[in-house]
Amino acid sequence: MELYFLALLILLMALALASGFPVAFALPGSAVLTILIAAGAGAIFAGDAAAYFHQGGPSQWLSAGVTNLRGVYWEVERDTLIAIPLFIFMGIMLQRSKIAEDLLMTMAQLFGPVPGGLGISVVFVGALLAATTGILGATVVAMGPISLPAMLRNGYSKPLATGAIAASGTLGQIIPPSIVLIILADQLASAVDQAGTSRQNLFKEATGQFSMPSEYGVTSTSAGEMFLGALVPGLVLVGLYMLYILTLALLRPKMAPSVPREGSFDLGFLKTVLITLVPPLALIFLVLGSIIAGIATVNQAGAIGATGAMLMASYRLTEGKPRSMWPAIMSLIGLAGIAYALSNYEMNIKNISDADQLTGIRIGVASVALLLLAVLWAGWRTLRIQNTLRDVMVETAKTTSLVFIILLGAAMLTAAFRAFGGEDVVKEFLITLPGGFWSQFIIVMAVIFFLGFFLDFIEIAVVVVPIVSPILLADPGANITAVWLGVMIGLNIQTSFLTPPFGFALFYLRGVAPPEVRTLDMYKGVVPFITLQLIALAIVGYNPPLVNYLPTRVSLLSDTAPPPRNPKLQYCLEEFVHERYASDGANISAAIEQARGLDLTGLPPKLRTGLQKSFDQAASARGLLDAASKAGADVDAQADGFRPLHDQVRQLQKDIGRAKERIKLSETELRRLRGPKAEASKARLESTIEQAKAEISALEAQIPESWAQASKAFNALTKTERDARRQYQRASDAGYEPVRNALDTLRARCPGADWCADRRAERRHPQSRGGCRGRSHRGGSRRARQGRGRR
């Protein structure tokens, strides 16, 4: 019976949206109304308000919706959403300061002589604006009034011109920083938790073990990783757009003719190009570069972007006036001073030990003060000139409120969807599809693409993603990452901005396009670009490293790098070390023996003991790695014969699990039967239970008798390999960590000496006993530290 109320929930939501009712109220309103109707119907017809709910009652699900509402803005772990208003502020500020106009006009002159050059310049500027604003409306509204008349005036076909502008405006949804990616990262965080629980239950059911190895778990993602993962796919999409326009211009020159520049490409034009391009590129470098380098979180990068946009707007709004560039120049000097102080001095204000360190602190304080003065000056300018700062902040508040209120409404809708068993229905539908994960994934992508014709990206992200993502991520045979799934969904959602009838890019462009451009021309123009977006989706789906490479590389190279997220990466590292042992084992062993023969009597006892143990562990690592490699070879030798049997049995066990789930649902519905029609429904449900039990018996009979023995033997082999690799990893870590810690300790005590712990070094530097006190030995001299690194 709850399925009828699930259909009522979807119907009410669709009617509310179709009637033009605000989305922010349509989502929670349909949820609350359906829950109340179901509770009333249960109380009237079944004598129990909870009779028509999948589980629990109306009060529990209303409370769950309120809990979801509170979790959107209350949970400390979900601080990623703080970045949304910062990036919105950055985009609106750049749009209001006319920087987009400068980019378009300059790039049009630069690319004009190339076939299709105006269209290529639109795509190029769209990509730059996407990397600085991340807001669809700002990009289309900024480019439409300038580029569309110019393209039509120079003979471009109307469909191509409108299609290029609309498609370029959507790049801000996939090229970071992007509001879509931030929302997807937030939604995937909870989906990963649910998927991890599902995998744990599957592992327990299949093996009988309560503890699941961590490599079988699902790793969560963050907005920073989503930014990194979407960068390359976004550039792929930009390349496809440019290639399409260039190819069309070469094949059909009348559709996209070249536009020769009236002036010459002299130093003056080069100066204009640099002045126009360098500030946006510098802002992109600061925002994305700080995230990639691990210097700043996404929230901090958003603050950097907002501040940079205000500084750029301050000189653009006062262009041609005296001292227009002073705030920007002051900020650059301040940043340079901060960078100099951080790279040349110890900046610990609580531990100032000499005059050299005090000098560094003074430089840093002065640089920060100069930077703050520049930011305040820029803020005052943008506030005073045309009240720009106030208008930008009001628009930021409106846009941010729109995003958050939809998030809140979707949280209530998700609770109602689960109250009537919608999640179980979707899960049952997906897992019963033939073809495994990829058939499920293709169906989900097709549904999201279809929904893009009618729903906004936020609605898709906050309604569909929480339902389907846990199901896709929970599949143990998928071997996908959450960041890859998020980027794929983001690429798919991007098409919703172009697909009629509710493509928002088309609405924005219609509002700024001249009357001679028909809406039908726009619809025709976006079709090739929608096709290109689907091609990019296929390329990224077929090549997951396009998404996973940057997040994994940055994570592994950071100072706080976790263990490799992909277990195969650990195996690759061990294979590499094994090959080095095979090619250069004699020299490695000789170096270890030489280290074991060092005179360590001058070191503290604890440090000396740790080093001696580390040399012993390093010496034993080679034998342990050989044993692990042999165990791995034994597993590989047996895997080909065991895999078909394993796949057969696992499929049978999956079918058994589905049958047990049907029994569970039928028994739940059987307990809730009320009213005069209960007897007929009871007979039907009892028949379903009996059929499912018979199906389970038949499936269990199909499991080969050799399965138990073969599984036990293969598990023993994998356990031997796992233990051998773990022993090697412990030995290698124990052989490396003490040496590194000892070197760090010695260098910290005497950074200006080559090896102060050595007795001869102590004789050369008597003051190093108990720690170096002189200026050259306390880290104050840049030359001393550089010399230490060379030696």
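The values are calculated or read from the model by the stated rules, or taken from the named source; none is laboratory data. As the structure is a computational prediction, the values presented were derived from the model and not from experiment. Glycine also receives a Cβ, built like all others from the backbone with ideal geometry; neighbour counts cover every protein chain displayed. Side chains are part of the model used for accessible areas, which takes the heavy atoms of the whole protein and leaves out ligands, DNA and RNA. Shrake-Rupley method; radii C 1.70, N 1.55, O 1.52, S 1.80 Å.
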Seminar exercise, completed: Ignoring ligands and nucleic acids, residue 106 exposes an accessible area, probe 1.4 Å, in Å² to the nearest 10, of 10
Exercise. With contacts defined as alpha carbon pairs under 8 Å and 6 or more residues apart, what's the relative contact order of the range 430-556 in percent?
Worked result: 26
Problem set entry | Inter-label distance for residue 520 and residue 205, nm, one decimal - labels placed 7 Å from Cα along Cα-to-Cβ | 5.5
For this session: Find the all-direction average of the projected area of the Cα convex hull for the range 331-466, expressing the result in square nanometres with one decimal place.
Result: 15.9
Exercise. Normalised by the residues of the range 362-520, what does the relative contact order come to in percent, with Cα pairs under 8 Å and at least six apart?
Worked result: 20
Exercise. How much accessible surface does residue 225 have with a 1.4 Å probe, in Å² rounded to 10?
Worked result: 30
Exercise. For residue 154 and residue 285, what does the FRET efficiency come to when R0 = 22 Å and r is the distance between their Cβ atoms, rounded to the nearest 0.05?
Worked result: 0.10
Exercise. How big is the gap, in Å, between the Cα center of the range 717-739 and the Cα center of the range 299-321?
Worked result: 52
Exercise. Want the number for residue 321 to residue 613: 0.36 nm per residue separation, take away the alpha-carbon distance, what's left?
Worked result: 98.1 nm
Exercise. So what are the ³J(HN,Hα) numbers for the range 577-588, from phi and the Karplus equation (6.51, -1.76, 1.60; θ = phi - 60°), rounded to whole Hz, Gly and Pro as x?
Worked result: 5, 4, 5, 5, 4, 5, 8, 9, x, 5, 5, 5
Problem set entry | residue 326 accessible area, 1.4 Å probe, all protein chains in place, Å² to nearest 10 | 130
For this session: At a Cα cut-off below 13 Å, give the aspartates and glutamates reachable from residue 630, other chains included and same-chain residues fewer than 8 away excluded.
Result: 574, 575, 721, 723
Problem set entry | Projected label distance in nm at residue 216 and residue 706, using a 7 Å step from Cα toward the beta-carbon | 2.4
For this session: Step through the residues of the range 438-450 one at a time and calculate ³J(HN,Hα) from phi using the Karplus curve (6.51 cos²θ - 1.76 cosθ + 1.60, θ = phi - 60°), rounding each to whole Hz and writing x for Gly and Pro.
Result: 5, 5, 4, 5, 5, 4, 4, 4, 5, 5, 5, 4, 5
For this session: Return the sequence-ordered ³J(HN,Hα) values of the range 147-164 in whole Hz as given by the Karplus equation 6.51 cos²θ - 1.76 cosθ + 1.60 applied to θ = phi - 60°, using x for Gly and Pro.
Result: 7, 5, x, 5, 5, 5, 5, 9, x, 5, 5, 4, x, 5, 4, 5, x, 5
Seminar exercise, completed: Percent relative contact order for the range 242-385, counting Cα pairs under 8 Å at least six residues apart, stands at 21
Problem set entry | Distance violations [Cα-Cα > 25 Å] among 693/719; 204/682; 664/712; 158/398; 271/321 | 693/719; 204/682; 664/712; 158/398
For this session: Could you order 376, 148, 335, 408 so the one with the most accessible surface comes first? Probe is 1.4 Å.
Result: 376, 335, 408, 148
For this session: Can you find, among 720, 742, 709, the residue farthest towards the positive end of the dipole of the range 683-745? Put +1 on the C-beta of Lys and Arg, -1 on that of Asp and Glu.
Result: 742
For this session: Would you calculate the separation in nanometres between label points at residue 265 and residue 633, each defined as 7 Å from the Cα along the Cα-to-beta-carbon direction?
Result: 6.0
For this session: Apply 1/(1 + (r/R0)^6) to the Cβ-Cβ distance of residue 694 and residue 11, taking R0 = 35 Å, and write down the FRET efficiency to the nearest 0.05.
Result: 0.45
Exercise. Tell me, what is the FRET efficiency for residue 433 and residue 391 to the nearest 0.05, using R0 = 45 angstrom and their Cβ-Cβ distance as r?
Worked result: 0.35
For this session: Could you order 593, 695 so the one with the most accessible surface comes first? Probe is 1.4 Å.
Result: 593, 695
Exercise. How big is the gap, in Å, between the Cα center of the range 359-418 and the Cα center of the range 13-30?
Worked result: 30
Problem set entry | Restricting the range 259-343 to trypsin sites (Lys or Arg not before Pro) in coil, as DSSP defines it, with at most 13 other Cβ within 10 Å | 323
Exercise. Once the convex hull of the C-alpha atoms of the range 461-538 is built, how many Å³ does it hold per residue, rounded to a whole number?
Worked result: 100
Exercise. Using heavy-atom solvent-accessible surface (probe 1.4 Å) with all chains present, what is the largest-first order of 449, 642, 576, 45?
Worked result: 45, 576, 449, 642
Exercise. Taking 0.36 nm per residue of separation and subtracting the Cα-Cα distance, what length does fully extending residue 361 through residue 383 add?
Worked result: 4.6 nm
For this session: Subtract the Cα-Cα distance of residue 682 and residue 274 from 0.36 nm times their separation in residues, and report this length gain in nm to one decimal.
Result: 139.1 nm
For this session: Please identify every one of the trypsin sites (Lys or Arg not before Pro) in the range 596-691 that sits in a loop by DSSP and has no more than 12 other beta carbons within 10 Å of its own beta carbon.
Result: 677
